[in-house]
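The numbers here are math on the coordinates, done by the rules we state, and not lab data. Values in this document were obtained by computation on a predicted structure and should not be read as measured data. Counting neighbours? That spans all protein chains shown, and the Cβs are built from the backbone with ideal geometry, glycine included.
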Amino acid sequence: MKIALIGFGKMGKAIERLALRKSHNIVLKIDLENKEELTTGNLQGADVAIEFSRPEVAFGNIAACLNAGVPVVSGTTGWLSQLGEAKELCHKTGGAFLHASNFSIGVNIFFALSRQLAAMMELQNQYDVAMEEIHHTQKLDAPSGTAITLAEGILRQLSRKKKWVCVEGEGGKAAPVPGELVITSKRIDQVAGTHIIRWDSAVDSIEIRHSAHSREGFAAGALAAAAWLVGKKGCFEMKDMLGF
């Protein structure tokens, strides 16, 4: 594949390393220093764009790709108030767009597992649920996009929870408020990403956890999604590619 990389931070560099190992070509790299090179002409030299940038510029980057007729895979989080606009533009341009809060295959299995467990807990009122997410100190958003996806998946299955709330750091509320799903967000150096979901009752606890060992799992998933998206039209998620 000929790939345009939009955002060349740690994730962009991880994707580049893996792409080159797999004999793909990086035909365009865009970061803050050369953002003026994000043009229709430059984008049209790529088969697909992979966008991992910052929340404040993500929509503009995605729009540039769709307007250029280039399929775009985006993993940027923290901009989802504009996700509806991106999908509308994708349909208007007849383009292809795939967004995911996390491209790791393991995390997407974890999403499905969490939804299934939450559905089983709908009739088990003795259990309460809480979440914790831990990331490196350079992560800009809290809670993580992955944590939000997990929480929203639980809320769709569990009628006794109405919304999620975020608590940052080691502290927090003395007691959970009924109807709230509490996400505790922690930032610790050199943590690629850990997500924990705990279901507690008076007599026992059930805990499921996903811990990333490096960014390579995210990069591999993003490359797989990019290859899958080429030649398609419409708006997609990882579950469309994976089939669950």
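Data table
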| item | result |
| --- | --- |
| Structure-derived Kirkwood radius over Cα pairs in Å - corresponding label in (i) 18.8; (ii) 18.2; (iii) 17.1 | (i) |
| Most fluctuating residue given options M120, M131, M11, as computed from a GNM of the chain linking Cα atoms under 10 Å | M120 |
| Signed unit charges on C-beta, dipole axis of the chain, positive-most listed residue S74, I197, L242 | L242 |
| Whole-Å semi-axes of the stretch 105-211's equivalent ellipsoid (Cα gyration tensor) | 22, 16, 12 |
| Choice from L117, L150, L229 with maximal GNM fluctuation in the chain (Cα, 10 Å cutoff) | L117 |
| Signed unit charges on C-beta, dipole axis of the chain, positive-most listed residue G179, S114, I134 | S114 |
| The stretch 61-164: radius of gyration and largest Cα-Cα distance (Dmax), Å | 16.4, 53 |
| Packing-based exposure ordering (other Cβ within 10 Å, fewest first) of K233, K92, K139 | K92, K233, K139 |
| About the Cα centre, charge dipole magnitude for the chain (Lys/Arg +1, Asp/Glu -1 at Cβ), debye | 420 |
